Amino acid sequence: MSRQYNIALIPGDGIGPEVIREAVRVLKHIEKRDDRFSFAFREFPWGCDFYLRHGKMMDDDGMEILKDYDAILLGAIGSPEVPDHISLRNLLLRIRHDFDEYVNLRPIKLLEGAPTPLKDARREEIDMIFVRENSEGEYAGSGAWLYPNSPQEVVIQNGVFSRKGCERIIRYAYELARKKKRSLTSVSKGNALNYSMVFWDQIFAELGKEYPDVETHSLLVDAAAMFMVKDPARFGVVVTSNLFGDILTDLGAAITGGMGIAAGANLNPEKTFPSMFEPIHGSAPDIAGKGIADPIASIWAVSQMMDFFGYEDWGEKILRAIEDVLKEKQSLTPDLCGSASTEECTEAICRLL
Ligand code: IPM
Ligand code: MN
């Protein structure tokens, strides 16, 4: 019996549509080669152009419609014509939050053939999985803007750390570390953030008692940034808060081939709501429409989606094909010093699959 997966596509802005087209190409390629599953796609025109025409980032019943999909593939959101805090909060961050996609899983893995600025780093030495808290922290939207445009003007941006929110993300990371037989590093900042991060550290230690088999480490975020460059081999699974995870995974992308290939999964592990898969790069308006955007990040996101659906064999095969295209070097886009188009790169990946 073949299972049909309903996939909502939100190509979004800039290069988003160009890379989502390639993600779909790969999915159509693999569905022909496996009779366990098939895909049905529906595309939604939401994003900044939609906002400029309708004054909102998505339809009023958008979340209601998305709720019934098995997964969402998102390209990129953001345009110079719409303030980022409006476009992102009302679409990307809204989906992450309202669908309780509290796990942001970001592999930071140096594939063979991918360039790294870290001199002497061997491929096996850069292989981490970031588990970024994705529903609260500094992204909760809690705060105030008092006495605007006056000499007393004050802004307050709260970091929200609930017991439930911290426990579930840290537990997810412990389970992952156990399953993958990797160490677990918690990244926090208790020396300066005397409420949120002391609480985080305490929960990390508490839950650790249930996982005596998992080797653990705790690092301050500034030290973690330093070690990611100087000694990346020390990291296996890493768990951290929303903002720290955001920053460190861009650093992670930089040491593993760049933003053109880094992917992320926004997971609702309970599957109460759809999970969302995306390249972690932005809309790159400077290269939009030129057909040279790197499709690898969105294809890697497809690999993560296949893992999440339970077809880890395909997740693995897609990743191997990405690695093969990187090794071959014949079909890479300009961000990786190649001269191939977005489509040529994808075609090479499909051929290698
Ligand atoms: C990311 C992005 C987003 C984030 C932005 C676009 C709001 O940088 O997915 O890493 O901060 O989470
Ligand atoms: Mn980011």
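The values are calculated or read from the model by the stated rules, or taken from the named source; none is laboratory data. No experiment lies behind these values; they were computed from the predicted model shown. Ideal geometry is used to build each Cβ from the backbone, glycine not excepted, and the neighbour counts take in all protein chains shown. Areas reflect the complete protein model, heavy atoms only, side chains present, ligands, DNA and RNA absent. Shrake-Rupley method; radii C 1.70, N 1.55, O 1.52, S 1.80 Å.
Taken one residue at a time, the phi angles of the stretch 109-116 give Karplus couplings (6.51, -1.76, 1.60, θ = phi - 60°) of 10, 7, 7, 5, x, 7, x, 9 Hz. Gly and Pro are set to x.
Once backbone amide H atoms are built at 1.01 Å from N, Phe37 has Arg3 as its partners under 5 Å, excluding neighbours fewer than 5 places away on the same chain.
Taking all protein chains together and rolling a 1.4 Å probe, Tyr147 ends up with roughly 130 Å² accessible. Distance between the modelled labels on Ser2 and Ala192, one decimal in nanometres: 5.5 nm (7 Å Cα→Cβ projection).
How much of the accessible area of the stretch 116-240, probe 1.4 Å, is carbon plus sulfur, in whole percent? Looking at the stretch 116-240 in its full context, I get 54 percent from C and S.
Summarise the accessible area of the stretch 35-105 (1.4 Å probe, protein heavy atoms) by the percent that is carbon and sulfur. Looking at the stretch 35-105 in its full context, I get 45 percent from C and S.
Checking every one of the GluC sites (Glu not before Pro) in the stretch 253-353 against DSSP loop status and a limit of 12 other Cβ atoms within 10 Å picks out Glu270. When only alpha carbons are used to place a centre, the stretch 188-250 and the stretch 134-166 end up 22 Å from one another.
Based on protein heavy atoms only, the chain ends up with 45 Å² per residue of surface accessible to a 1.4 Å probe. Taking the Cα centre of the chain as reference, the dipole from Cβ charges on Lys and Arg (+1) and Asp and Glu (-1) amounts to some 640 debye.
In the context of the full protein assembly, Leu93 retains an accessible surface of approximately 40 Å², using a probe radius of 1.4 Å and ignoring ligands and nucleic acids. Taking the charge dipole of the chain about its Cα centre, with +1 at Lys and Arg Cβ atoms and -1 at Asp and Glu Cβ atoms, the residue from Phe227, Ile72, Tyr195 reaching farthest to the positive side is Phe227. In the stretch 254-287, which residues have a backbone nitrogen under 18 Å from the label point lying 7 Å from Val229's Cα in the Cα-to-Cβ direction? Within reach of a label on Val229: 254-259. Among the helices of the chain, none built from whole DSSP H runs has Cα atoms reaching 30 Å or more along its own axis together with a mean Kyte-Doolittle hydropathy of at least -0.5. Per-residue SASA remark: Glu206, around 60 Å² accessible (1.4 Å probe; ligands, DNA and RNA not included). Taking the Cα centre of the stretch 255-353 as origin and assigning +1 to Lys and Arg Cβ atoms and -1 to Asp and Glu Cβ atoms, the resulting dipole is close to 60 debye.
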